[in-house]
Amino acid sequence: MFQLAEFQLKAIGSLIESIDNSNNEVILKSPTGSGKTIILTHFMDEYGKGHIGNVFVWLTPGKGDLEEQSKEKMDKYIHNSSTKLLSAVMTDGFKENDACFINWEMLTKKGNNALKESEKANFQEHITNAHKNGLEFIIIVDEAHQNDTVKADDIISLFNPKKIIRTSATPKNLTNAALIEVKEEDVIAEGLIKKMLVINENFGHSVEVDSQVSYLLEKALNKHRELKIGFKEKDSKVNPLIIVQLPNNSELLQDEVERYLATRDVTYENGLLAVWLSERKQNLEEIERIDAKPIVIIIKQAIATGWDCPRAQILVKLRENTSETFEIQTIGRIRRMPEAKHYEKDLLDCCYLYTFDEKFTEGVKLHLKKGALDAVKLFLKQEHREVTLTSEQKSVLGLSHDATHSLKAMVLYYESQYGTSIKTDENKTRLQTKGYIFSDNIIKNTYTGQVHTLTLEEFESLSSVNMIEPLNTHKHGREYHNRVSTLGLKLSLPYEKMNTIIRRLFDKNVRYENKVLRLETREVYAFVINNFQKLKEDFRLAIASPTYQTSLALPVVVEKEFRIPQEVLFTYNGKNRVQREYSTNVYKGYLSSAEIRSDSEKSFEKYCNESDNIDWLYKNGDKGNEYLSIVYLDNAGTQRSFYPDYIVSKDGEIWIIETKGGFNRTGESEDIDKFSPKKFEVLKRYLHKHNIKGGFVRKDKSNNELFICTNEYNDDILSEEWQLLEEIL
């Protein structure tokens, strides 16, 4: 007889109670490995036994067969349950106490032949008939974070559900949703997941390696051997599995992994190596069995949703660059206990991560931040989906292919910031003093230590490790290229131009009269790779600094139609005592506690919600092509995008508003944006061109009123250019 854990029973009870409370939605937050499917299938069975007139619809994500897996689990755990797949629903319709397992993509994906247009109408008829027969729907959204879209929201609306239960190990909090949380500590206590994640075990303070790949794989294989002996001592057949996770587009890295494993006699031919990639699958038969033969599996960035292999215990995360964010879900793959119990031996009750990924702690913090903002996806109200404006985007034709402006700005910046001159030896000392690294080796930073639970505090206590690798121009050439290319993107310069700037500034073999350093070409490679973050920040400041602002021609832009995004990740302060919904906002569920917002923005949003003249309000994003942008040129002749804060409709007329820091009680400006006068002219040009209205709004703290400037920009609140907002908008 299957025995439910105490925390599972508690969660089932909480779910049953939640159906009758006032919240329309419920979030089940449950760590990977806690038996979420067991909890939900038993909940459906228990609730169905005690209540009449219900149909359960379980929506699963992904291209895989997760809906079939979930149905099979319910059939296994709950005997005589009435489970159905979509095909059965299309034949028989919905019946009382049905548990229907349906893949989202069957319903949402364009061109998917699983459900033709005529069948979609038929599917809707089945829903209508169920309602006519007095049945009510309870929707379960599995892995909710993966199908949080407008289409998905529209499908859920079809059912007019009595209750929506969203499940995820990493959910986004929903406004007015009841939260049922399975605590990680409780799952560990029951022995279902491992006690601790050990990161980069036994890495010293400084590591010298010839190859990151061979170093990490050797560590993992040695740990595998140690674990295998440990399981044998416990009379267990468990053969622990190593997951090697590659970044996307990494054929060369994959080849290096396979070649190294072959030297350790781990190959596809002898069955010890498996691969699960979209283009190749091998040795996957029964790989989930605790005694399956493969000891290593190669996967890419995102492994198939729902893959359950409890013997996976070691993760090797390789990277080619630092742009990828570490995914907390991947850790979940190695946290399950293979036999759903602890062995009371720390070696076996832990899981192991080996990586030189500098970003993995950042990714963990992103998912585990405590006391931070709540976040929820909001959807655009139907009536605003046809609003259109013209957005300006940077044009390839407008790029400053002449890098002279950028080069001059950087020379001036280094002179003012670091005191550089034509004496390059002295310059090296000055830069070194300010934190620049000069070395023939490539120096990377990673972490070592142990974490028991995935909390921010534990990750912050990890020790820093320097990994030192001899420079190999062939091997590190691609990394140098990537770094230079990234720096170029920041300045809107192609790789060749950015490389020319770097060579002129730092390479002794390239002539330039205002050189900062005179390094050998090899040293330039190491200098750029080791100091990438510092160079990125210095170059950004050099180009953005108002000190070097020059008058330049109008930019060449691409004009595109702008529509308000149909969905947005809305962040707000859930602890705020006032959670008033702003009905004038274009998004359903937009709250007064929206964050991050300046004082002027909060006051402006409140003003718009209370004004009889305002039809609707949209808060624009601050980066990305999906938002409304206006293009201008910076002091290096490079195109920049300006994103005005708000689009407002007043009596059917569009206004574009930028809010800025206000004026304090004595009339002094609190605007910290040095570019405000320039941005005002940019906005004015745009408004004039498209024959619409707008301006800058600022708050006067001496009277707590909002004022608007629409004509000539002035930094004096007493100027006649500033008019009382309520008299204008």
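The values are calculated or read from the model by the stated rules, or taken from the named source; none is laboratory data. Computed from a predicted model, the values in this text were never measured in an experiment. Glycine gets a Cβ as well: all are built from the backbone with ideal geometry, and neighbour counts include every protein chain shown. Surface areas here come from the heavy atoms of the whole protein model, side chains and all, with no ligands, DNA or RNA. Shrake-Rupley method; radii C 1.70, N 1.55, O 1.52, S 1.80 Å.
Observations
- For the range 91-99, the criterion of a residue being open to solvent by 10 Å² or more (accessible area, probe 1.4 Å), within 18 Å of Lys162 (Cα to Cα) and outside any loop (DSSP other than H, G, I, E, B) is satisfied by no position.
- Looking only at residues of the range 582-602 that are in contact with a Leu (Cβ under 8 Å, 6 or more places away or on another chain), farther than 20 Å from Gly694 by Cα and modelled with pLDDT under 95, we find that the one that is least open to solvent (accessible area, probe 1.4 Å) is Gly589.
- Among the residues listed as Val682, Val697, Val631, the single one being among the β-branched types (Val, Ile, Thr), under 30 Å from Ser395 (Cα atoms) and in contact with a Leu (Cβ under 8 Å, 6 or more places away or on another chain): Val697
- Candidates are the residues of the range 467-483 that are open to solvent by less than 20 Å² (accessible area, probe 1.4 Å) and assigned to a strand (DSSP E or B); the one that is farthest from Ile199 (Cα to Cα) is Glu469.
Residue-wise test of (1) in contact (Cβ under 8 Å) with a residue 60 or more places away in the chain; (2) surrounded by 21 or more Cβ atoms within 10 Å (Cβ to Cβ).
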| residue | (1), (2) |
| --- | --- |
| Met196 | yes, no |
| Ile199 | yes, yes |
| Leu216 | yes, yes |
| Lys219 | yes, no |
| Lys234 | yes, no |
| Lys237 | no, no |
| Leu241 | yes, yes |
| Val244 | yes, yes |
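- Selection of the range 700-729 for residues being closer than 17 Å to Thr659 by Cβ, open to solvent by less than 30 Å² (accessible area, probe 1.4 Å) and assigned to a loop (DSSP other than H, G, I, E, B) yields Ile717, Leu729.
- Any chance His42 is more than 29 Å from the chain's Cα centre (by Cα), closer than 15 Å to Gly13 by Cα and either open to solvent by 40 Å² or more (accessible area, probe 1.4 Å) or modelled with pLDDT of 90 or more (or both): no
- Filter result (among the charged types (D, E, K, R), over 26 Å from the mean Cα position of the chain (by Cα) and farther than 16 Å from Gly694 by Cα) within the range 603-632: Lys606, Glu610, Asp612
- Candidates Asn248, Asn270 - the one that is of a type outside the set (Lys, Arg), in contact (Cβ under 8 Å) with a residue 24 or more places away in the chain and part of a loop (DSSP other than H, G, I, E, B): Asn248
- One residue alone among Val648, Val682, Val697 is of a type in the set (A, V, I, L, M, F, W, C), crowded, with 19+ Cβ neighbours inside 10 Å and outside any strand (DSSP E or B), and that residue is Val682.
Yes or no, residue by residue, for (1) part of a helix (DSSP H, G or I); (2) among the acidic types (Asp, Glu):
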residue: Ser214; (1), (2): yes, no
residue: Leu253; (1), (2): yes, no
residue: Arg259; (1), (2): yes, no
residue: Asp265; (1), (2): no, yes
residue: Lys281; (1), (2): no, no
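- Unmet criterion (only one of (1) open to solvent by less than 10 Å² (accessible area, probe 1.4 Å); (2) of a type in the set (Val, Ile, Thr); (3) not in a strand (DSSP E or B)) for Thr666: (1)
- All helices (runs of 4 or more DSSP H) inside the range 349-466 with 3 or more residues being touching a Leu at 6+ places or on another chain (Cβ under 8 Å) and at pLDDT below 80: 360-368
- Condition check for Phe642: out of contact with any helix residue (DSSP H, G or I) (no Cβ under 6 Å at 6 or more places or on another chain) and open to solvent by less than 10 Å² (accessible area, probe 1.4 Å): no
- Of the candidates Asp622, Asp615, the single residue that is part of a strand (DSSP E or B) and open to solvent by 40 Å² or more (accessible area, probe 1.4 Å) is Asp615.
- Scanning the range 146-183 for residues that are at pLDDT below 90, open to solvent by 40 Å² or more (accessible area, probe 1.4 Å) and farther than 18 Å from Gly589 by Cα returns Gln146, Leu158, Lys183.
- None of Arg280, Arg311, Arg333 is modelled with pLDDT under 90 and in contact with a strand residue (DSSP E or B) (Cβ under 7 Å, 6 or more places away or on another chain) except Arg333.
- Just one of the listed residues (Ser30, Ser34, Ser18) is modelled with pLDDT of 85 or more, under 20 Å from Phe137 (Cβ atoms), buried (at least 18 other Cβ atoms within 10 Å of the Cβ) and not hydrophobic (A, V, I, L, M, F, W, C), and it is Ser18.
Yes/no matrix, rows are residues, columns are (1) basic (Lys, Arg); (2) more than 37 Å from the chain's Cα centre (by Cα):
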| residue | (1), (2) |
| --- | --- |
| Ile657 | no, no |
| Phe663 | no, no |
| Thr666 | no, yes |
| Ser669 | no, no |
| Leu683 | no, no |
| Ile692 | no, no |
| Val697 | no, no |
| Lys701 | yes, yes |
| Glu705 | no, yes |
